[in-house]
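Everything on this sheet refers to the single structure shown next.
Computed from the coordinates by the stated procedures, all read-outs in this text should not be read as laboratory data. None of the values given here were measured: they were computed from a predicted structure. Cβ sites come from the backbone with ideal geometry, for glycine too, and all protein chains shown count toward neighbours.
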Amino acid sequence: MYTKTTIGDYSFTNCLMNASGIHCGTIKELDELDQSLAGSLVTKTATLKSRVGNEEPRFDWDSFGSINSMGLPNLGIDYYLEYLVEKEKQNTDKPYFLSVTGLSETEIYEILKKVNESTFQGLTELNLSCPNVPGKPLTGYDFELVETILTEVFKFFKKPLGVKLPPYFDNSHFDQIAQILNQFPLTFITSINSVGNGLWINDETTAIKPQNGFGGIGGKYVKATALANVHALYKRLKSEIKIIGVGGVSTGRDAFEHILCGASMVQIGTSLPGVGPDAKFTQVTEELTAIMQEKNYRSIEEFRGKLKYID
Ligand code: RRO
């Protein structure tokens, strides 16, 4: 396919995949992703033990995007790890992503040790940017803590690792996070997680229940922020660290823009659940391929990161 890509030593038949948290909590959902045109899949972010997450209603959406305060509901690391190890046996040339986090620094090390010791061969996405766990500040905004965690993790973790980052809004923050990430043998970063602490109101009442209605915003509302983060990090990170772009992708044009900004792979989040993996990945792949054909690009490498600036 025109849209094939690579991240580290891994090759993917298609640069499109789901975003963690979207259609990836159960075996049934993961299997539907696996059978679609997506080039890979990532699991719901797993913790050591399963979690029910926050009270409902905890998700709402409109034609421009979504708000969520899921609170990390997941079936626990063993469930996702066993699923992926099994998939790898059936599908030896398709690389998969496992998303993990911990509710404490110690839990992050414990869960990554488990992944390191398992037979999982794919890529691990360490989520440093969940905005919705009450009482837990967002790790990606604490630069010192990010540096400490990565220093500890790379003492023992020997598999390909990436980090999922929150959106940043200031050039000095792009500089600081890139300076830290460049010190480590990261394979990729995923940018951006939802824009934390938005507030939606229906009539006179919050749209979701947890934390008095505050939640992470995704979809079209965040595309400009996502593109800026992908491009700012593309310009600052060493070339070995590949970028997975996520935020506001519902068409081939959106994916094309993420790649122009520097993304090697593009995740689809908010726009996926309404349509389902089969139809969504077919639509976006066809649209992206049509744009490439019209512009005479035969691979995404021909335009990746080549955003033009007005003179
Ligand atoms: O589960 C969630 O509330 C959640 C997570 Br872990 C995340 O990384 N991003 C998000 O918007 N919601």
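Taken along the Cα-to-beta-carbon direction at a fixed 7 Å, the label points for residue 55 and residue 235 span 4.5 nm. Here the 3J(HN,Hα) profile of region 271-278, calculated from phi with Karplus coefficients 6.51, -1.76 and 1.60 at θ = phi - 60°, is 7, 7, x, x, 10, x, x, 4 Hz, Gly and Pro shown as x.
Note: relative contact order over the chain, using C-alpha pairs below 8 Å and six or more positions apart, is 20 percent. Model label sites at residue 6 and residue 183, defined 7 Å from Cα along the beta-carbon direction, differ in position by 3.0 nm. Distances between placed amide hydrogens fall under 5 Å for residue 196 paired with 217, all partners being 5 or more residues away or on another chain. Note on residue 310 and residue 253: with the Förster distance fixed at 30 Å, the Cβ-Cβ geometry gives a FRET efficiency of about 0.95. For residue 188, the amide hydrogen comes within under 5 Å of the amide hydrogens of 161, 162, 163, 242, counting only partners 5 or more places away or on other chains and with H modelled in the peptide plane. For residue 103 and residue 209, what is the calculated FRET efficiency with R₀ set at 22 Å and r taken between the beta-carbons, to the nearest 0.05? My answer for the efficiency is 0.60. With the simple spin-label model, which puts each label point 7 Å out from Cα in the Cβ direction, the residue 13 to residue 27 separation comes to 2.3 nm.
Taking only the C-alpha atoms of the chain, the Rg (one decimal) and the largest Cα-Cα distance, Dmax (whole number), read 18.1, 53 Å.
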